[in-house]
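K.L.:
Dropping a structure here in structure tokens format, bear with me for questions.
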Amino acid sequence: MSEALFKTLQQAFEQNVMDIDTLKKEGRKAIGCYCLYSPVELIVAADAIPLPLCGTKNDPVSAAEEILPRNLCPLIKSSYGFAALDTCPFFRFSDMIVADTTCDGKKKMFELMQQYKEVHVLQLPQNQNTAISLEPWRKEVEGMKDRIEAVTGVTLTTEKINRAIDLLNRERDAKKAVMDLAQLKPSPIKGSEILTVLFKVGFLADKEKGIKLMNTIVNHFSEINDNKQSPYTDKTPRVLISGVPMGIGSDKVARILEEAGASVVGYENCTGYKQVFTVPQNDDPIDVLSRQYLSIPCSVMSPNQGRLDLLDDMINHFKVDGVVDLTWQACHTYNVESFSVEKWLNETKGLPMLHLETDYSDSDTEQLRVRIEAFLEML
Amino acid sequence: MRAAGIDIGSRSIELVVIEDSKVIEERQADTGFDPMAVAGDLISGVSYDHIVATGYGRNLFEIALDGKTVTEIKAHARGAQFLFPDADTVLDIGGQDSKVIKMNGQGQVIKFEMNDRCAAGTGKFLEIMARSLGFGIDDFGIEALKAARELSINSMCTVFAESEVTSLLARGKDRREIARGLHSSVVRRALSMLKRVSAEGAIVFSGGVANNPCMVRFLEQMTQRDIRVSDQPQMAGALGAALIAQDIMR
């Protein structure tokens, strides 16, 4: 990425915090979210500012460990630590938080988080069979709608929700375009650059601004491709990262992969390609949203065939040579699912997989490096 | 043409020089606190045309001495393939980690697993336990085999196992029986990793711990598989690196 473009991105990120501050002073509400399962459309439809919340850095982990067990997923500890220390501006801006009972660690942590902020918890079913799970999930989504209406004083009409669906569909399309750059072989964009763009743009309260910025980024890298200025060659091993979410601060595996000479071409996770979907618009947007969000293939779902389908799709389109399956320490669902994913990759796709279990700290960097370099030697 | 391989491990550094696939020189030294200085001493005065480094210190070596590097996974696989061409599985237990490697028919690594999160199940563990029991590391396995039965040790954490050993000694238990129990627990730990990576066939056992006869015996008994150990199992990584250096030259 050119320095100028990176600067624009950084400026937008910094300006964003000031913009939100101004909007808040003008009386706009802000609602924070932790998880992809929360339908952000309802927040946008109420003209509230949707805010992703911090949870990808190691700094607040030790503070969180004063309350939470050490042997807990770093994402949960980081999220809680940011809240407890009040070091996440987006958490501070939030008038309320929407959270989901994705896993046991998170749902119990959200009980403790209530002392800092109102947390509206959605009871997420853990099975995607709509005959069983759609009705209770729809009730949760309706409950979220009611709560947002109460907090913002805005009535969420079908028209308003559909407008929000349209805006967020365009945002998802723009994110997809950024990620799809890496389908090119060799990829004009590094995996770490994709991660930076998604992370920084993800915090922008002004969605239109974010979409525009991502379009500029796509044009920039398309030019790099046209001029054959990719940092890689046809021979560079192309690695897909699968598993748990990643962001700035929890990106060490992508970084080590790149240092070891790999091209990280994609992220099959909820901070990457799991965000790529289009919500249809009709006269029952709550039903549509409930169906769409319930189908997100996180490992908390059982069974979770959708993850293999998504992997299959990505492996074919991104011309993947190997998969690194990342598990945050103590994330049982991704850790256990790793076995079935590896078996499926080996037997169905003929691809090798490297399973890595780690946390946000740098203590195991060299150990990870040996595994990653040895994995690349295999490809 | 002479090819050299240097394995800069956490406990020791090995150097192997080969000519036409024949070992012409072998050297070994303790890693100490300054691995680059020890590595420098080890290669000084040795003549070679090409050198490849492996082990935890490989990247430092690459910067300091302008050599090529490979991971110890690849180096051990290459060494094992050369020493025992009919085996496709390697168990390496070194000073600070242990690993299982599975190769295809061409000697290429197709799967591996490592334990390097703690000292449990490594040479370091055996070293500390031998010291607690008053055995030299070279006699530890021999003495353990002299016991008629084993006392089971429940802790795998080095620190907790040491206190368990101390309390067994305080209860007047036989130190050889304790030693036997400790060996058995290290092998059991390696077994689960072995089963995940490789289900059958002969196993090349490498790394310094493969010099321990009790480890070899127990591994054989518990896996019911052929265990192959070379004369100098601790040199396997350096030998593999030297062979890779030779492959590159050719």
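K.L.:
When segment B:110-132 is examined, which residues are found to be buried (at least 21 other Cβ atoms within 10 Å of the Cβ) and more than 14 Å from every other protein chain (Cβ to nearest Cβ)?
P.N.:
The answer is B:GLY121, B:GLY123, B:PHE125, B:LEU126, B:MET129, B:ALA130.
K.L.:
I need the full set of residues from segment B:59-76 which are open to solvent by less than 70 Å² (accessible area, probe 1.4 Å) and facing chain A (nearest Cβ under 9 Å), in order please.
P.N.:
If the condition is that a residue be open to solvent by less than 70 Å² (accessible area, probe 1.4 Å) and facing chain A (nearest Cβ under 9 Å), then B:ASN59, B:THR69, B:VAL70, B:THR71, B:GLU72, B:ILE73 are the ones that fit.
K.L.:
Would you point out which residue out of B:ILE128, B:ILE137, B:ILE178 is modelled with pLDDT of 95 or more and of a type in the set (Val, Ile, Thr)?
P.N.:
B:ILE178
K.L.:
Next question, about the same structure. So, in segment A:247-280, how many residues would count as being assigned to a loop (DSSP other than H, G, I, E, B), under 21 Å from A:GLN10 (Cβ atoms) and open to solvent by 10 Å² or more (accessible area, probe 1.4 Å)?
P.N.:
The number of residues fulfilling the criteria is 4.
K.L.:
Let me ask you something else. Is it fair to say B:SER185 is open to solvent by less than 10 Å² (accessible area, probe 1.4 Å), modelled with pLDDT under 95 and of a type in the set (S, T, N, Q)?
P.N.:
Spelling it out, B:SER185 is indeed open to solvent by less than 10 Å² (accessible area, probe 1.4 Å), modelled with pLDDT under 95 and of a type in the set (S, T, N, Q).
K.L.:
May I ask you to verify whether B:SER152 is in contact with a Gly (Cβ under 8 Å, 6 or more places away or on another chain), over 23 Å from B:ALA236 (Cβ atoms) and either within 14 Å of another protein chain (Cβ to nearest Cβ) or surrounded by fewer than 19 Cβ atoms within 10 Å (Cβ to Cβ) (or both)?
P.N.:
Considered against the rule, which asks whether it is in contact with a Gly (Cβ under 8 Å, 6 or more places away or on another chain), over 23 Å from B:ALA236 (Cβ atoms) and either within 14 Å of another protein chain (Cβ to nearest Cβ) or surrounded by fewer than 19 Cβ atoms within 10 Å (Cβ to Cβ) (or both), B:SER152 comes out as yes.
K.L.:
Could you list, in sequence order, the residues of segment A:316-326 that are touching a residue at least 60 places away in the same chain (Cβ under 8 Å) and surrounded by fewer than 21 Cβ atoms within 10 Å (Cβ to Cβ)?
P.N.:
A:HIS317, A:LYS319, A:ASP321, A:GLY322
K.L.:
Of the residues that make up segment A:298-313, is at least one in contact with a Cys (Cβ under 6 Å, 6 or more places away or on another chain) and away from chain B (no Cβ under 14 Å)?
P.N.:
The answer is yes; a qualifying residue exists.
K.L.:
Taking the condition of being open to solvent by 40 Å² or more (accessible area, probe 1.4 Å) and more than 9 Å from every other protein chain (Cβ to nearest Cβ), how many residues in segment B:95-109 meet it?
P.N.:
Adding up the residues that qualify gives 5.
K.L.:
Of the residues B:ALA147, B:ALA190, B:ALA242, which is over 19 Å from B:GLY121 (Cα atoms), in contact (Cβ under 8 Å) with a residue 24 or more places away in the chain and in contact with a strand residue (DSSP E or B) (Cβ under 9 Å, 6 or more places away or on another chain)?
P.N.:
Going through B:ALA147, B:ALA190, B:ALA242 in turn, just one is over 19 Å from B:GLY121 (Cα atoms), in contact (Cβ under 8 Å) with a residue 24 or more places away in the chain and in contact with a strand residue (DSSP E or B) (Cβ under 9 Å, 6 or more places away or on another chain): B:ALA242.
K.L.:
Applying the selection to segment A:47-96, what residues are in a strand (DSSP E or B) and among the hydrophobic types (A, V, I, L, M, F, W, C)?
P.N.:
Those that are in a strand (DSSP E or B) and among the hydrophobic types (A, V, I, L, M, F, W, C): A:ILE49, A:LEU51, A:MET96.
K.L.:
If I ask for residues that are in a helix (DSSP H, G or I) and in contact (Cβ under 8 Å) with a residue 60 or more places away in the chain, which ones from segment A:359-373 would you list?
P.N.:
Across segment A:359-373, the qualifying residues are A:THR365, A:LEU368, A:ARG369, A:ILE372, A:GLU373.
K.L.:
Residues in segment A:33-50: is at least one buried (at least 18 other Cβ atoms within 10 Å of the Cβ) and over 29 Å from A:ARG163 (Cα atoms)?
P.N.:
No - not one qualifying residue is present in segment A:33-50.
K.L.:
I would also like to ask the following. Residues in segment B:36-48: is at least one within 14 Å of chain A (Cβ to nearest Cβ) and surrounded by 15 or more Cβ atoms within 10 Å (Cβ to Cβ)?
P.N.:
Within segment B:36-48, none of the residues are within 14 Å of chain A (Cβ to nearest Cβ) and surrounded by 15 or more Cβ atoms within 10 Å (Cβ to Cβ).
K.L.:
Let me ask something else. Can you tell me which residue in segment A:330-379 is most open to solvent (accessible area, probe 1.4 Å), limited to those that are of a type in the set (Ser, Thr, Tyr) and more than 12 Å from chain B (Cβ to nearest Cβ)?
P.N.:
It comes out as A:THR348.
K.L.:
Condition first: without any contact (Cβ under 8 Å) to a residue 40 or more places away in the chain, aliphatic (A, V, I, L, M) and open to solvent by 50 Å² or more (accessible area, probe 1.4 Å). Now tell me which residues in segment B:9-35 satisfy that.
P.N.:
B:ILE24
K.L.:
Also, quick follow-up: Name the residue that is farthest from the chain's Cα centre (by Cα), counting only residues in segment A:223-246 that are aliphatic (A, V, I, L, M) and assigned to a strand (DSSP E or B).
P.N.:
Of everything passing the filter in segment A:223-246, A:VAL239 is farthest from the chain's Cα centre (by Cα).
K.L.:
Name, by its number, the condition in (1) assigned by TED's automatic domain parsing to the domain that holds B:LEU239; (2) aromatic (Phe, Trp, Tyr); (3) closer than 30 Å to A:LEU356 by Cα that does not hold for B:TYR48.
P.N.:
Among (1) assigned by TED's automatic domain parsing to the domain that holds B:LEU239; (2) aromatic (Phe, Trp, Tyr); (3) closer than 30 Å to A:LEU356 by Cα, the lone unmet condition for B:TYR48 is (3).
The values are calculated or read from the model by the stated rules, or taken from the named source; none is laboratory data. The structure presented is a predicted model; accordingly, all values stated were derived computationally and were not measured. Glycine gets a Cβ as well: all are built from the backbone with ideal geometry, and neighbour counts include every protein chain shown. To get the accessible areas, we keep the full protein, side chains included, count just its heavy atoms, and leave off ligands, DNA and RNA. Shrake-Rupley method; radii C 1.70, N 1.55, O 1.52, S 1.80 Å.
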